[in-house]
Amino acid sequence: MGVVVEAATPSSPPPPQQHQQLAARWREFLRLRDLPGPTATPHVHKYAARGILDEMRAAIAASPAAGGSDDDDGDIEGRRAAVLSFLDFQQGLNLVATEELTAGERLLTAAAAGLRARAAGDGDSDGDDATAGRRPWAVAALVDALNQLAVVWFDWNEHRRAAALLEEAADAYRAYTGVDQLATEEAEGGDEGGQRRKQPPPLADPVLAWCGLEQDDDGWAYLEGLHTYTTYYLAQVYGALKLKDKSAEFCKLTLQRQLRHGKLNGLTWALDCMTLAQYYFQNNAFVLAHECLSSAEHVLLSTAVPEDVASGEVRDEGGEDAFLRAKADLECIWGKFYLAALQISVNDDPPPRLFAGLPLLRAGSGAPAQRPGVPARFATTSGEARTLFLACVAALTEALGFFRLDGHVTDHVAMVRDQAQAYAMLARFESDPGRRAALLRRRCAGLSALLGVPPDAGAAEVSAAPSFGGGGGGRGGTDGSGRAASAAAAASASAISRQHFPELVRALAYDLAVATEALGEAVGEAASAKAVKGSPVGVSKEARDCTVRAVALFE
């Protein structure tokens, strides 16, 4: 919890010496709990902290309380029970931290049972108020205990049991605050404070309250932080249970809460928001996806880069700057967003938009450079399609500046293939055969470069390309095939090797074969319409050459 213990205010009488000693032992426990151990004995401090908890439990069981609360009506034994259950909870966490999971789970379960009874006021609620009878001494600890217990069961792959515990934690939060966990966050800029103030602030640290000392943590802020963890864990658990819609709902709820409550890790928040955006546009929720990506971009670009990262001292496991990688990932996802919109636009009957009624996720005034949105009916004209196309290609080109072929082969190839697909989608909207052929030539050129195949290669040049194991004298060792091999080698500066990446080469070859076949058809149409420069004979030859190349690539 990281609670900072302060002395009582000058206007309050100092706590008895016995409680001061308890508070001092509690400080020592908190210090040892968070102190990393040496490599040889990593749990040595945890064991020492465990001993302090045993001492404190015995002392509190025999001592009177120094602190009180108006809502407790002098229920000393009820408060004592809450504090002892809270100490059991801490002991359970200690056992889990020292990898004594079974014993830790048992103690956490027992602690949750005690806190559950106390948080509910032992069923002494009268009247219709949903928050009546609730006790501030135990509610925050109960939510925390249920969260931690759910993590244990989740790690044991007991996802349904973890979900039940987290749903109970959410219910406990709602019962104490009187606030619906979903409805409040959905209201733009909503404030649940007016409702929750019906109850006294929950205690972040019952031990300090027992000792009559003030708490540094604001009780409401502490409970809100715990509930944010609940929603975060629920998103993970629902994902593991294959409940994708519920997982996305709680992921969005978590992101919204992180914006409104507590300190925000801009990099982590942006990455999570980008992941949510991909789920949305994969389910045709382009308005929500655009809002998520714009919010992620705003937060990412507004995040101050730590000095050690900016200087290159701190890098991720791959030796890369995490912020540069995040920005490149953002550009890549923007590109995929626009490509998905283009792919849906070419369908004769686009699917309906999903999640149309969900509210947007706002993180500020938007990104510095506003990205175009997706039309309500997707792209229906060549102009609308070109807007999406230009945004797609620009974003992918920016991402390729980071995901270079040297070091990011798989990502680089995937983005080049996406760019090629964007050219194909835009060509579907082009009515002029000549311009359609020009777009398809660009599509082929990008794929050809990765395979080391010259854009106008014939069958011999295709066979001689390094990606296909060629590069020698070619077929029969003739001068023509030798020149073909030289041309292929010259075009292969950025080609990938079948020896090292056979699956990528196979996929690229198939894409290029399909693209070349489509180009041949477009060139043939252009010849018939006399829409391109050059003689019809020359155009027909280009169409025939495309067919030859496609056959060679398919082989």
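The values are calculated or read from the model by the stated rules, or taken from the named source; none is laboratory data. Fair warning: this is a prediction, and the values are worked out from it, not measured in the lab. When we count neighbours, we look across all protein chains shown, and the Cβ atoms used for this are built from the backbone with ideal geometry, even at glycine. Accessible surface is based on the protein model in full, side chains and every heavy atom, while ligands, DNA and RNA are left aside. Shrake-Rupley method; radii C 1.70, N 1.55, O 1.52, S 1.80 Å.
Would you check if there is a residue in region 81-93 being open to solvent by 30 Å² or more (accessible area, probe 1.4 Å), at pLDDT below 95, within 20 Å of residue 210 (Cα to Cα) and not hydroxyl-bearing (Ser, Thr, Tyr)?
Yes, the conditions are met somewhere in region 81-93.
Quick grid of which residues meet (1) acidic (Asp, Glu); (2) surrounded by fewer than 19 Cβ atoms within 10 Å (Cβ to Cβ); (3) at positive phi; (4) at pLDDT 95 or above:
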residue	(1), (2), (3), (4)
143	no, no, no, yes
148	no, no, no, yes
154	no, no, no, yes
158	yes, yes, no, yes
163	no, no, no, yes
166	no, no, no, yes
169	no, no, no, yes
180	yes, yes, no, no
186	yes, yes, no, no
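So in region 195-209, with the set limited to residues that are open to solvent by 10 Å² or more (accessible area, probe 1.4 Å) and either within 8 Å of residue 137 (Cα to Cα) or in a loop (DSSP other than H, G, I, E, B) (or both), which one is modelled with the highest pLDDT?
Checked region 195-209; the qualifying residue modelled with the highest pLDDT is 203.
From 299, 309, 305, which residue is at pLDDT below 95 and either within 12 Å of residue 274 (Cβ to Cβ) or buried (at least 20 other Cβ atoms within 10 Å of the Cβ) (or both)?
So the residue among 299, 309, 305 that is at pLDDT below 95 and either within 12 Å of residue 274 (Cβ to Cβ) or buried (at least 20 other Cβ atoms within 10 Å of the Cβ) (or both) is 299.
Take the residues of region 376-407 that are over 26 Å from the mean Cα position of the chain (by Cα), free of Cβ contacts under 8 Å to residues at least 24 places away in the same chain and outside any helix (DSSP H, G or I): which is farthest from residue 443 (Cα to Cα)?
376
Can you tell me which of (1) in contact with a Ser or Thr (Cβ under 7 Å, 6 or more places away or on another chain); (2) open to solvent by less than 20 Å² (accessible area, probe 1.4 Å); (3) at pLDDT 65 or above is the one residue 405 doesn't meet?
All conditions pass for residue 405, except number (2).
Within region 267-274, is there a residue that is acidic (Asp, Glu) and modelled with pLDDT of 90 or more?
The answer is yes; a qualifying residue exists.
Assuming residue 431 fulfils every condition listed in (1) in a loop (DSSP other than H, G, I, E, B); (2) modelled with pLDDT under 65; (3) closer than 28 Å to residue 521 by Cα; (4) open to solvent by 40 Å² or more (accessible area, probe 1.4 Å) apart from one, which condition is it?
Unmet condition: (2).
Criterion first (part of a helix (DSSP H, G or I), touching a Pro at 6+ places or on another chain (Cβ under 7 Å) and surrounded by fewer than 23 Cβ atoms within 10 Å (Cβ to Cβ)) does residue 438 satisfy it?
No: the conditions fail for residue 438.
Of everything in region 223-255 that's open to solvent by less than 40 Å² (accessible area, probe 1.4 Å) and of a type in the set (Ser, Thr, Tyr), which residue is nearest to residue 82 (Cα to Cα)?
The residue in question is 230.
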